[in-house]
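Colleague: Below is the structure I would like to discuss, written out as C-alpha coordinates.
The values are calculated or read from the model by the stated rules, or taken from the named source; none is laboratory data. Being a predicted model, the structure only gives us computed values, none of them experimental. Cβ: placed from backbone, ideal geometry, glycine included. Neighbour counts: every protein chain shown. Accessible surface is based on the protein model in full, side chains and every heavy atom, while ligands, DNA and RNA are left aside. Shrake-Rupley method; radii C 1.70, N 1.55, O 1.52, S 1.80 Å.
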Amino acid sequence: MVKRKLSKQQLRNIQNNKANQLSEDLSSILSGLAISHRGKFIEVEAENGQPIFCQYRQNLGTIVAGDKVLYMPQLNSAYGIIYQVLARKNALIRPSKLSHTHKTMAANIDQLVIMIAVNPLPIEHYIDRYLVAAWHMQITPIIVLNKMDLFDNSDNKLQLKEIMTLYHTLGYICISCSALCDKNLQALKDMLSHKTSIIVGQSGVGKSETLNALFGKQIAQTGEISEQNNRGKHTTTTARLFHLDQNTNIIDSPGIREFGIWHLTETDIFNGFNEFIELDNKCQFRNCQHLENTKGCALDQAVKSGKISRQRLINYHRLIQEVKENYNQW
Ligand SMILES: Nc1nc2c(ncn2[C@@H]2O[C@H](COP(=O)(O)OP(=O)(O)O)[C@@H](O)[C@H]2O)c(=O)[nH]1
Ligand SMILES: [Mg+2]
Ligand SMILES: [Zn+2]
(Lines give C-alpha, C1' and ligand atoms only; values in the text may rest on other atoms or scores of the structure.)
(Ligands and ions follow the chains in the order given, each with its own letter.)
Protein backbone atom coordinates (compact mmCIF):
# COMPACT_ATOMS: atom_id res chain seq x y z
CA MET A 1 0.00 0.00 0.00
CA VAL A 2 1.33 3.43 -0.95
CA LYS A 3 1.72 5.67 2.06
CA ARG A 4 0.15 9.03 1.46
CA LYS A 5 1.70 11.98 3.14
CA LEU A 6 -0.86 14.02 5.07
CA SER A 7 -0.86 17.78 4.79
CA LYS A 8 -0.37 19.86 7.93
CA GLN A 9 -4.02 20.91 7.82
CA GLN A 10 -5.14 17.28 7.58
CA LEU A 11 -2.99 16.40 10.60
CA ARG A 12 -4.46 19.32 12.54
CA ASN A 13 -7.98 18.16 11.65
CA ILE A 14 -7.26 14.65 12.86
CA GLN A 15 -5.89 15.97 16.14
CA ASN A 16 -8.87 18.25 16.65
CA ASN A 17 -11.24 15.38 15.95
CA LYS A 18 -9.46 13.21 18.48
CA ALA A 19 -9.62 15.95 21.10
CA ASN A 20 -13.33 16.48 20.42
CA GLN A 21 -14.00 12.77 20.67
CA LEU A 22 -12.15 12.60 23.98
CA SER A 23 -14.03 15.50 25.53
CA GLU A 24 -17.28 13.98 24.27
CA ASP A 25 -16.32 10.71 25.97
CA LEU A 26 -15.37 12.46 29.18
CA SER A 27 -18.66 14.33 29.28
CA SER A 28 -20.53 11.03 29.27
CA ILE A 29 -18.58 9.63 32.23
CA LEU A 30 -20.78 9.35 35.28
CA SER A 31 -20.21 8.28 38.83
CA GLY A 32 -22.32 5.65 40.50
CA LEU A 33 -22.52 3.20 43.38
CA ALA A 34 -22.14 -0.55 42.89
CA ILE A 35 -25.20 -2.25 44.37
CA SER A 36 -24.79 -5.91 43.53
CA HIS A 37 -23.57 -8.48 41.03
CA ARG A 38 -26.13 -9.59 38.50
CA GLY A 39 -24.67 -12.43 36.49
CA LYS A 40 -22.08 -10.90 34.18
CA PHE A 41 -23.22 -7.40 35.08
CA ILE A 42 -22.88 -5.07 38.00
CA GLU A 43 -25.99 -3.21 39.02
CA VAL A 44 -24.89 0.37 39.45
CA GLU A 45 -26.99 3.09 40.98
CA ALA A 46 -26.75 6.31 39.03
CA GLU A 47 -26.60 9.62 40.85
CA ASN A 48 -30.30 10.13 40.15
CA GLY A 49 -31.01 6.84 41.95
CA GLN A 50 -31.84 4.88 38.81
CA PRO A 51 -30.27 1.45 38.33
CA ILE A 52 -28.10 0.77 35.28
CA PHE A 53 -26.57 -2.59 34.49
CA CYS A 54 -22.92 -2.28 33.61
CA GLN A 55 -20.30 -4.49 32.09
CA TYR A 56 -16.75 -4.20 33.28
CA ARG A 57 -13.30 -5.16 32.14
CA GLN A 58 -11.63 -8.01 33.99
CA ASN A 59 -8.54 -5.90 34.65
CA LEU A 60 -10.56 -3.75 37.06
CA GLY A 61 -10.48 -6.60 39.57
CA THR A 62 -13.45 -7.43 41.76
CA ILE A 63 -16.22 -4.89 42.00
CA VAL A 64 -18.41 -5.28 45.07
CA ALA A 65 -21.42 -3.72 46.77
CA GLY A 66 -20.41 -0.35 48.16
CA ASP A 67 -17.81 0.40 45.49
CA LYS A 68 -17.89 3.83 43.94
CA VAL A 69 -17.40 3.54 40.21
CA LEU A 70 -17.09 5.65 37.10
CA TYR A 71 -19.11 4.33 34.19
CA MET A 72 -20.20 5.32 30.74
CA PRO A 73 -23.71 4.70 29.47
CA GLN A 74 -23.60 3.03 26.05
CA LEU A 75 -25.21 4.78 23.10
CA ASN A 76 -28.46 3.16 21.96
CA SER A 77 -28.33 0.67 24.79
CA ALA A 78 -29.72 0.36 28.29
CA TYR A 79 -26.35 -0.81 29.53
CA GLY A 80 -23.19 0.91 30.68
CA ILE A 81 -19.52 0.12 31.00
CA ILE A 82 -17.60 0.58 34.22
CA TYR A 83 -14.13 1.76 33.49
CA GLN A 84 -12.85 2.73 36.91
CA VAL A 85 -13.36 1.70 40.52
CA LEU A 86 -12.57 4.60 42.83
CA ALA A 87 -10.17 4.08 45.74
CA ARG A 88 -11.82 2.20 48.60
CA LYS A 89 -11.91 3.41 52.18
CA ASN A 90 -11.84 -0.24 53.21
CA ALA A 91 -13.10 -3.64 52.17
CA LEU A 92 -14.36 -6.73 53.95
CA ILE A 93 -12.18 -9.55 52.70
CA ARG A 94 -12.02 -13.24 53.34
CA PRO A 95 -9.54 -15.73 52.03
CA SER A 96 -10.79 -18.44 49.73
CA LYS A 97 -9.31 -21.91 50.18
CA LEU A 98 -10.48 -22.98 46.74
CA SER A 99 -8.87 -20.24 44.71
CA HIS A 100 -6.03 -19.41 47.13
CA THR A 101 -6.95 -15.77 46.78
CA HIS A 102 -8.94 -13.22 48.68
CA LYS A 103 -12.62 -12.76 48.16
CA THR A 104 -13.82 -9.22 48.61
CA MET A 105 -17.33 -9.14 50.04
CA ALA A 106 -18.16 -5.44 50.22
CA ALA A 107 -16.43 -2.06 50.28
CA ASN A 108 -16.58 1.33 52.00
CA ILE A 109 -18.19 0.10 55.19
CA ASP A 110 -18.58 1.93 58.52
CA GLN A 111 -20.09 -0.80 60.69
CA LEU A 112 -20.06 -4.57 60.88
CA VAL A 113 -23.33 -5.94 62.23
CA ILE A 114 -22.53 -9.41 63.54
CA MET A 115 -25.81 -11.22 63.76
CA ILE A 116 -26.29 -14.26 65.94
CA ALA A 117 -29.57 -15.91 66.88
CA VAL A 118 -31.24 -17.90 69.60
CA ASN A 119 -31.43 -20.60 66.96
CA PRO A 120 -29.14 -21.76 65.37
CA LEU A 121 -27.04 -21.50 68.51
CA PRO A 122 -24.03 -19.21 68.00
CA ILE A 123 -20.60 -20.66 67.48
CA GLU A 124 -18.50 -18.31 69.57
CA HIS A 125 -15.36 -18.27 67.49
CA TYR A 126 -17.49 -17.01 64.59
CA ILE A 127 -18.15 -13.86 66.59
CA ASP A 128 -14.45 -13.47 67.34
CA ARG A 129 -13.52 -13.85 63.68
CA TYR A 130 -15.75 -10.94 62.78
CA LEU A 131 -14.55 -8.86 65.74
CA VAL A 132 -10.96 -9.31 64.59
CA ALA A 133 -11.97 -8.36 61.04
CA ALA A 134 -13.74 -5.24 62.32
CA TRP A 135 -10.70 -4.28 64.36
CA HIS A 136 -8.48 -4.78 61.32
CA MET A 137 -10.76 -2.57 59.21
CA GLN A 138 -11.06 -0.01 61.99
CA ILE A 139 -14.84 -0.12 61.87
CA THR A 140 -17.43 -0.48 64.62
CA PRO A 141 -18.78 -3.97 65.28
CA ILE A 142 -22.31 -4.37 66.62
CA ILE A 143 -23.39 -7.75 67.99
CA VAL A 144 -27.07 -8.44 67.42
CA LEU A 145 -28.84 -11.41 68.98
CA ASN A 146 -31.92 -12.08 66.84
CA LYS A 147 -34.97 -14.32 67.28
CA MET A 148 -35.56 -13.21 70.87
CA ASP A 149 -39.17 -14.39 70.47
CA LEU A 150 -37.72 -17.91 70.80
CA PHE A 151 -35.62 -17.08 73.86
CA ASP A 152 -38.03 -17.99 76.64
CA ASN A 153 -38.55 -21.49 75.30
CA SER A 154 -34.91 -22.02 74.42
CA ASP A 155 -32.74 -24.63 76.12
CA ASN A 156 -29.74 -22.40 75.63
CA LYS A 157 -30.80 -19.39 77.65
CA LEU A 158 -27.82 -19.59 79.98
CA GLN A 159 -25.28 -19.94 77.19
CA LEU A 160 -26.84 -17.08 75.23
CA LYS A 161 -26.82 -14.85 78.30
CA GLU A 162 -23.19 -15.69 78.92
CA ILE A 163 -22.23 -14.83 75.35
CA MET A 164 -24.01 -11.50 75.42
CA THR A 165 -22.62 -10.62 78.87
CA LEU A 166 -19.09 -11.52 77.78
CA TYR A 167 -19.10 -9.26 74.73
CA HIS A 168 -20.94 -6.50 76.53
CA THR A 169 -18.33 -6.57 79.31
CA LEU A 170 -15.59 -6.39 76.69
CA GLY A 171 -17.07 -3.08 75.61
CA TYR A 172 -18.81 -4.12 72.39
CA ILE A 173 -22.20 -2.77 71.45
CA CYS A 174 -24.66 -5.63 71.99
CA ILE A 175 -28.36 -5.60 71.26
CA SER A 176 -31.05 -8.26 71.12
CA CYS A 177 -34.06 -8.16 68.85
CA SER A 178 -36.67 -10.15 67.01
CA ALA A 179 -37.09 -9.50 63.33
CA LEU A 180 -40.25 -11.55 63.23
CA CYS A 181 -41.96 -9.88 66.21
CA ASP A 182 -40.58 -6.40 65.61
CA LYS A 183 -38.85 -6.30 68.98
CA ASN A 184 -36.13 -3.68 69.55
CA LEU A 185 -35.78 -2.98 65.84
CA GLN A 186 -36.04 0.77 66.32
CA ALA A 187 -32.93 0.66 68.53
CA LEU A 188 -31.12 -1.23 65.78
CA LYS A 189 -32.36 1.22 63.19
CA ASP A 190 -30.99 4.12 65.24
CA MET A 191 -27.59 2.45 65.40
CA LEU A 192 -27.49 2.03 61.64
CA SER A 193 -28.55 5.58 60.87
CA HIS A 194 -26.21 7.70 58.72
CA LYS A 195 -23.80 4.81 58.19
CA THR A 196 -23.06 2.06 55.71
CA SER A 197 -23.32 -1.25 57.56
CA ILE A 198 -22.95 -4.82 56.44
CA ILE A 199 -24.90 -7.56 58.17
CA VAL A 200 -22.89 -10.74 58.55
CA GLY A 201 -23.39 -13.99 60.37
CA GLN A 202 -24.15 -17.67 60.00
CA SER A 203 -26.74 -18.64 57.48
CA GLY A 204 -30.24 -18.76 58.96
CA VAL A 205 -29.77 -16.25 61.79
CA GLY A 206 -32.23 -13.84 60.17
CA LYS A 207 -30.11 -11.28 58.32
CA SER A 208 -32.54 -11.01 55.43
CA GLU A 209 -35.61 -11.17 57.67
CA THR A 210 -34.19 -8.29 59.72
CA LEU A 211 -33.70 -6.24 56.57
CA ASN A 212 -37.28 -6.89 55.56
CA ALA A 213 -38.48 -5.86 59.00
CA LEU A 214 -36.37 -2.70 59.00
CA PHE A 215 -37.65 -1.72 55.57
CA GLY A 216 -41.20 -2.74 56.35
CA LYS A 217 -41.39 -4.68 53.10
CA GLN A 218 -39.97 -7.74 51.42
CA ILE A 219 -36.69 -6.58 49.92
CA ALA A 220 -34.50 -9.60 50.62
CA GLN A 221 -35.34 -13.24 50.18
CA THR A 222 -35.43 -15.30 53.36
CA GLY A 223 -35.10 -19.03 53.76
CA GLU A 224 -36.36 -21.68 56.08
CA ILE A 225 -33.92 -23.38 58.37
CA SER A 226 -33.85 -27.02 57.43
CA GLU A 227 -35.42 -29.13 60.17
CA GLN A 228 -32.73 -31.80 60.25
CA ASN A 229 -29.63 -29.86 61.10
CA ASN A 230 -30.84 -26.40 62.05
CA ARG A 231 -28.53 -24.97 59.45
CA GLY A 232 -29.87 -22.23 57.27
CA LYS A 233 -30.05 -22.81 53.57
CA HIS A 234 -28.11 -20.35 51.49
CA THR A 235 -30.69 -17.93 50.24
CA THR A 236 -28.64 -14.80 49.61
CA THR A 237 -25.98 -15.56 47.04
CA THR A 238 -24.31 -12.20 46.63
CA ALA A 239 -23.99 -9.12 48.80
CA ARG A 240 -26.46 -6.37 47.97
CA LEU A 241 -26.67 -2.78 49.14
CA PHE A 242 -30.00 -1.29 50.21
CA HIS A 243 -30.80 2.30 51.19
CA LEU A 244 -32.75 2.46 54.42
CA ASP A 245 -32.96 6.20 53.90
CA GLN A 246 -30.94 8.79 52.02
CA ASN A 247 -27.97 8.53 54.38
CA THR A 248 -28.23 4.97 55.60
CA ASN A 249 -27.02 1.96 53.65
CA ILE A 250 -27.27 -1.67 54.65
CA ILE A 251 -25.54 -4.50 52.85
CA ASP A 252 -27.05 -7.97 53.12
CA SER A 253 -24.37 -10.61 52.84
CA PRO A 254 -24.60 -14.22 51.80
CA GLY A 255 -24.34 -16.89 54.48
CA ILE A 256 -20.78 -18.08 54.79
CA ARG A 257 -20.03 -21.48 56.29
CA GLU A 258 -16.90 -20.17 57.88
CA PHE A 259 -15.50 -16.69 57.69
CA GLY A 260 -11.74 -17.26 57.54
CA ILE A 261 -9.30 -14.59 58.62
CA TRP A 262 -6.06 -16.45 58.11
CA HIS A 263 -4.87 -13.85 55.65
CA LEU A 264 -4.19 -11.69 58.72
CA THR A 265 -1.00 -11.89 60.77
CA GLU A 266 -0.75 -13.40 64.24
CA THR A 267 -0.23 -9.88 65.59
CA ASP A 268 -3.39 -8.67 63.85
CA ILE A 269 -5.33 -11.48 65.49
CA PHE A 270 -3.83 -10.81 68.92
CA ASN A 271 -4.67 -7.11 68.64
CA GLY A 272 -8.20 -7.96 67.52
CA PHE A 273 -8.83 -9.47 70.97
CA ASN A 274 -9.14 -6.14 72.71
CA GLU A 275 -8.75 -7.37 76.30
CA PHE A 276 -5.42 -9.02 75.36
CA ILE A 277 -3.73 -5.80 74.28
CA GLU A 278 -2.84 -4.59 77.76
CA LEU A 279 -1.16 -7.96 78.38
CA ASP A 280 1.02 -7.66 75.28
CA ASN A 281 4.71 -8.04 76.21
CA LYS A 282 3.76 -8.86 79.80
CA CYS A 283 4.65 -12.57 79.52
CA GLN A 284 7.94 -13.68 81.03
CA PHE A 285 9.31 -14.99 77.75
CA ARG A 286 9.36 -12.95 74.57
CA ASN A 287 8.23 -15.75 72.29
CA CYS A 288 5.46 -16.91 74.65
CA GLN A 289 2.73 -18.80 72.79
CA HIS A 290 0.18 -18.08 75.56
CA LEU A 291 -0.70 -21.75 75.97
CA GLU A 292 -2.39 -23.03 79.10
CA ASN A 293 -0.07 -23.49 82.09
CA THR A 294 2.87 -21.78 80.36
CA LYS A 295 5.28 -20.47 82.99
CA GLY A 296 5.10 -16.70 83.30
CA CYS A 297 2.34 -16.29 80.68
CA ALA A 298 0.34 -13.16 81.44
CA LEU A 299 -2.64 -14.40 79.44
CA ASP A 300 -2.71 -17.75 81.20
CA GLN A 301 -2.57 -15.95 84.54
CA ALA A 302 -5.36 -13.61 83.44
CA VAL A 303 -7.54 -16.60 82.55
CA LYS A 304 -6.81 -18.23 85.91
CA SER A 305 -7.66 -15.06 87.82
CA GLY A 306 -10.85 -14.63 85.78
CA LYS A 307 -9.67 -11.42 84.13
CA ILE A 308 -10.06 -12.82 80.64
CA SER A 309 -12.42 -15.53 79.47
CA ARG A 310 -11.00 -19.00 78.85
CA GLN A 311 -13.26 -19.33 75.82
CA ARG A 312 -11.75 -16.22 74.24
CA LEU A 313 -8.24 -17.60 74.67
CA ILE A 314 -9.37 -20.91 73.15
CA ASN A 315 -10.91 -19.03 70.23
CA TYR A 316 -7.72 -17.01 69.82
CA HIS A 317 -5.63 -20.19 69.59
CA ARG A 318 -8.02 -21.64 67.07
CA LEU A 319 -7.59 -18.62 64.81
CA ILE A 320 -3.80 -18.60 65.25
CA GLN A 321 -3.74 -22.29 64.35
CA GLU A 322 -5.60 -21.53 61.13
CA VAL A 323 -3.07 -18.84 60.27
CA LYS A 324 -0.23 -21.32 60.79
CA GLU A 325 -1.94 -24.05 58.78
CA ASN A 326 -2.66 -21.75 55.88
CA TYR A 327 0.57 -19.78 55.96
CA ASN A 328 1.98 -21.46 52.87
CA GLN A 329 -1.07 -20.63 50.81
CA TRP A 330 -0.21 -16.94 50.62
N1 LIG B 1 -38.79 -16.99 65.19
C2 LIG B 1 -38.06 -16.17 64.43
N3 LIG B 1 -37.65 -16.54 63.22
C4 LIG B 1 -36.91 -15.70 62.48
C5 LIG B 1 -36.54 -14.42 62.97
N6 LIG B 1 -35.78 -13.82 62.02
C7 LIG B 1 -35.68 -14.68 61.01
N8 LIG B 1 -36.36 -15.81 61.26
C9 LIG B 1 -36.52 -16.98 60.36
O10 LIG B 1 -35.27 -17.64 60.22
C11 LIG B 1 -35.13 -18.14 58.90
C12 LIG B 1 -33.84 -17.62 58.27
O13 LIG B 1 -33.94 -16.22 58.09
P14 LIG B 1 -33.13 -15.45 56.99
O15 LIG B 1 -33.45 -14.02 57.14
O16 LIG B 1 -33.31 -16.06 55.64
O17 LIG B 1 -31.63 -15.77 57.47
P18 LIG B 1 -30.27 -15.33 56.80
O19 LIG B 1 -29.70 -16.56 56.18
O20 LIG B 1 -29.42 -14.88 57.95
O21 LIG B 1 -30.53 -14.23 55.84
C22 LIG B 1 -36.37 -17.70 58.15
O23 LIG B 1 -37.29 -18.75 58.14
C24 LIG B 1 -36.89 -16.55 58.97
O25 LIG B 1 -38.27 -16.35 58.84
C26 LIG B 1 -37.01 -14.03 64.28
O27 LIG B 1 -36.76 -12.94 64.79
N28 LIG B 1 -37.75 -14.95 64.95
MG1 LIG C 1 -30.08 -14.05 53.76
ZN1 LIG D 1 1.92 -15.63 77.15
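Colleague: Return the subset of 161/304; 97/147; 147/304; 89/217; 40/103; 147/189 for which the Cα-Cα distance in this structure is over 24 Å, preserving the input order.
Modeller: With Cα atoms farther than 24 Å apart: 97/147; 147/304; 89/217.
Colleague: To continue, here is another question. Along the Cα→Cβ direction, 7 angstrom out, place labels at residue 75 and residue 219. What is the inter-label distance in nm?
Modeller: Computed distance between label sites residue 75 and residue 219 equals 3.7 nm.
Colleague: Something else: So in the chain, what percent of DSSP beta bridges are antiparallel if you round to the nearest 5?
Modeller: 60 percent
Colleague: A further question follows. Just the accessible area per residue of region 31-87, please: how many Å² with a 1.4 Å probe?
Modeller: Here the residues of region 31-87 average 56 Å² of exposed surface.
Colleague: Scan region 149-222 for trypsin sites (Lys or Arg not before Pro) in coil per DSSP, keeping those whose Cβ has at most 13 other Cβ atoms within 10 Å, and list them by number.
Modeller: For trypsin sites (Lys or Arg not before Pro) across region 149-222 that sit outside H, G, I, E and B with at most 13 neighbouring Cβ atoms in 10 Å, the list reads 217.
Colleague: Here's a follow-up. Can you give the angle from 0 to 90° between the axis of helix 124-137 and the longest principal axis of the chain, with both taken from C-alpha atoms, to the nearest 10?
Modeller: 50 degrees
Colleague: So how tilted is helix 157-169 from the main axis of the chain? Cα-based, degrees 0 to 90, rounded to 10.
Modeller: 70 degrees
Colleague: Follow-up. Measure off 7 Å from each Cα along the Cα-to-Cβ vector at residue 258 and residue 187, then give the distance between these two points in nanometres to one decimal.
Modeller: That separation, rounded to one decimal, is 3.3 nm.
Colleague: Taking only the alpha-carbon positions of region 37-89 and ignoring solvent, what does the Debye formula give for the base-10 log of I(q)/I(0) at q = 0.15, 0.29 Å⁻¹?
Modeller: -0.36, -1.37
Colleague: Note down the magnitude of the dipole of region 108-252 about its Cα centre, charges +1 on Lys and Arg C-beta and -1 on Asp and Glu C-beta and zero elsewhere, to the nearest 20 debye.
Modeller: Roughly 200 debye for region 108-252.
Colleague: On a full-extension model of 0.36 nm per residue, what is the gain between residue 101 and residue 89, subtracting their alpha-carbon distance, rounded to one decimal in nm?
Modeller: Here the segment from residue 101 to residue 89 would lengthen by 2.3 nm.
Colleague: Follow-up question, since we're still on this one. Residue 247 versus residue 121, label points 7 Å from Cα toward the beta carbon: distance in nm?
Modeller: 4.3 nm
Colleague: So if I restrict to the alpha-carbon atoms in region 108-252, what is the Rg, and what is Dmax, the biggest pairwise distance, in Å?
Modeller: 14.2, 41
Colleague: Long-range amide H contacts for residue 196: which residues qualify at under 5 Å (H placed 1.01 Å from N, peptide plane, sequence gap of 5 or more or a different chain)?
Modeller: Close amide H contacts, sequence-distant or interchain: 110, 111, 249.
Colleague: Can you tell me how region 266-329 classifies by the Cα gyration tensor, rounded, prolate or oblate, using a/c under 1.5 as the rounded cut?
Modeller: prolate
Colleague: Treating only the Cβ atoms of Lys and Arg (+1) and Asp and Glu (-1) as charged, compute the dipole magnitude of the chain about its Cα centre; round to the nearest 20 debye.
Modeller: My answer is approximately 1560 debye.
Colleague: While we're here: I want to verify the translational diffusion coefficient of the chain in µm²/s; compute it with Stokes-Einstein, Rh as the Kirkwood radius over Cα pairs, at 20 °C and 1.002 mPa s.
Modeller: 95 µm²/s
Colleague: Tell me which trypsin sites (Lys or Arg not before Pro) from region 36-123 have a DSSP coil assignment and no more than 13 other beta carbons within 10 Å of their own.
Modeller: 40, 57, 97
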